[in-house]
Amino acid sequence: MTPPGDGPHAESLTWLIEELFTAGARQAGLKYLQGIGLWLPSGPTDFAIPDLSLVESDYRDAHVEKNCFAPHIFRMVVEVTSSNWSDDLGTKVDCYAQAGIPIYLVADRRHDEALLHTDPRGGEYRSRKAFKRGTSVPLPASLGITLELPVDRLLDGDEG
C-alpha cells in the first residue's frame, strides 16, 4: 500500500480543487474528484487511482467495476509526487496515455517542476512540457475551462 501524502501534498490538491471551482468547472459539466478509480485497458483487473481527476458530470454512467470508471469520462488526471514519485513520472505516464486520458498534470516535487502531458496517441503522449517555479501551467482549452496554475502553488500547496 502506498503511504499517504504529506500536508503540502494535500494542500496542493485542495488548492487545485478551489481553482477548478473558481474557473467554473461545474458549470462546464465537469466534476473534480479525489480517489476515483480509472479502469485501464492493459488488463482485466488493471486500474489506477489518480490523486485528482476532472471527469464528465455523468461519470457514474461509465462505472466498470470495483469502483472504477471507463477512461472516456476522464478529461484530466493530476498526480502530486510523494515517496513513490517514480510511478507518477514513469508507469502512470504510460498507463494514462494508453488509456487515452487527454491531459495528465504532474506536480513533480522531486524535481521541482510541473509536467503537462497532452495529446495521447498510439499509447504515448505526443506533447510533454515542463514548467519551472515562477511560471504558470496553462491548461489546454480542450478542458472546457480557462485556467493557469502557478507552479509554486502546485508544488507547495496553499501556503507555498
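The values are calculated or read from the model by the stated rules, or taken from the named source; none is laboratory data. All of these numbers come straight from a predicted model, not from anything done at the bench. Glycine gets a Cβ as well: all are built from the backbone with ideal geometry, and neighbour counts include every protein chain shown. Side chains included, ligands, DNA and RNA excluded: accessible areas come from the protein's heavy atoms. Shrake-Rupley method; radii C 1.70, N 1.55, O 1.52, S 1.80 Å.
Quick notes on this one:
- Restricting attention to the stretch 91-140, the residues being under 17 Å from residue 157 (Cβ atoms), of a type in the set (Lys, Arg) and over 15 Å from the mean Cα position of the chain (by Cα) number 2.
Matching residues to (1) free of Cβ contacts under 8 Å to residues at least 24 places away in the same chain; (2) open to solvent by 60 Å² or more (accessible area, probe 1.4 Å); (3) not hydrophobic (A, V, I, L, M, F, W, C):
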| position | (1), (2), (3) |
| --- | --- |
| 106 | no, no, no |
| 121 | yes, yes, yes |
| 127 | yes, no, yes |
| 134 | yes, yes, yes |
| 143 | no, no, no |
| 157 | no, no, yes |
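- The strands (runs of 3 or more DSSP E) found entirely in the stretch 103-160 that carry 1 or more residues being more than 17 Å from residue 17 (Cβ to Cβ) and touching a helix residue (DSSP H, G or I) at 6+ places or on another chain (Cβ under 9 Å) are 103-108, 113-121, 124-132, 136-138.
- Filter pass, residue 28 being over 21 Å from residue 153 (Cβ atoms), among the small types (Gly, Ala, Ser) and assigned to a loop (DSSP other than H, G, I, E, B): yes
- Filtering 82, 12 for residues that are among the polar types (S, T, N, Q), outside any helix (DSSP H, G or I) and under 15 Å from the mean Cα position of the chain (by Cα) leaves a single hit, 82.
Quick grid of which residues meet (1) under 29 Å from residue 15 (Cβ atoms); (2) open to solvent by less than 20 Å² (accessible area, probe 1.4 Å); (3) in contact with a Ser or Thr (Cβ under 6 Å, 6 or more places away or on another chain); (4) free of Cβ contacts under 8 Å to residues at least 24 places away in the same chain:
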site	(1), (2), (3), (4)
36	yes, yes, yes, no
39	yes, no, no, no
42	no, no, no, no
45	no, no, no, yes
51	yes, no, no, no
54	yes, yes, no, no
60	yes, no, no, yes
70	yes, yes, no, no
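- Residue list for the stretch 145-155, filter: surrounded by fewer than 15 Cβ atoms within 10 Å (Cβ to Cβ) and of a type outside the set (D, E, K, R): 146
- Count of residues meeting criterion [in contact with a Ser or Thr (Cβ under 8 Å, 6 or more places away or on another chain) and among the hydroxyl-bearing types (Ser, Thr, Tyr)] in the stretch 19-34: 1
- Scope the stretch 23-46; condition of a type in the set (Ser, Thr, Tyr) and at pLDDT below 95; matching residues: 42, 45
- Positions within the stretch 44-71 being under 18 Å from residue 87 (Cα atoms) and in a loop (DSSP other than H, G, I, E, B), in sequence order: 46, 49, 50, 51
- Residue within the stretch 6-20 that is open to solvent by less than 50 Å² (accessible area, probe 1.4 Å), touching a helix residue (DSSP H, G or I) at 6+ places or on another chain (Cβ under 8 Å) and small (Gly, Ala, Ser) present: yes
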